[in-house]
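Accompanying notes for the structure given below.
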Amino acid sequence: MTDTPRVEDIRLGDLATKQDLVNLATKDDLAALREETRQEFAALHEVFATKEDMKSGFNLMMGEFGKLRATQEEQGRILARVVAQLDRMA
């Protein structure tokens, strides 16, 4: 029987030497990646902040449209009462 290890028992250190792993990722690479990630999150934050501003503006406009509709309905009721009174007078 051979001494073959099970797949679950194999570690990265068994497959690569320390020298192979030395330049895998340098501190400069990690710093650049961290800065890039930070910039991407800042851009996403800006997009979502703008989206929230748009939602707020949309909700304000819908509220104003609702007020206008209520005013028009009230004016319609007043006009209907005036017409009814004029019909009674005629």
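Structure data summary
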| quantity | calculated |
| --- | --- |
| Footprinting exposure proxy for V7, V82 (fewest neighbouring C-beta atoms within 10 Å first) | V7, V82 |
| Convex hull per residue volume in Å³, alpha carbons only, for the stretch 12-59 | 76 Å³ |
| Nearest 10 degrees, 0 to 90: helix 27-89 Cα axis against the chain principal axis | 10 degrees |
| Inter-site label distance for A16 and A49 at 7 Å from Cα along Cβ, in nm | 3.9 nm |
| Two-decimal ratio, the chain, of alpha-carbon radius of gyration to 2.2 N^0.38 Å | 2.94 |
| Estimated inter-spin distance, A32 and Q72, nm [label 7 Å along Cα→Cβ] | 6.0 nm |
| Potential extension, M89-A42 segment - 0.36 nm per residue separation minus Cα distance | 9.9 nm |
| Mean ellipticity per residue at 222 nm, deg cm²/dmol - from DSSP H runs of n ≥ 4 across the chain, formula -39500 (n - 2.57) | -28000 deg cm²/dmol |
| Net charge over other residues, Cβ less than 13 angstrom from the Cβ of A42 (K, R count +1; D, E count -1) | -2 |
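Quick note: the coordinates plus some simple rules give every number you see, no bench work behind them. Every value quoted in this text rests on a predicted model; they were computed, and no experiment measured them. No Cβ is skipped: glycine too gets one built from the backbone with ideal geometry, and neighbour counts run over all protein chains shown.
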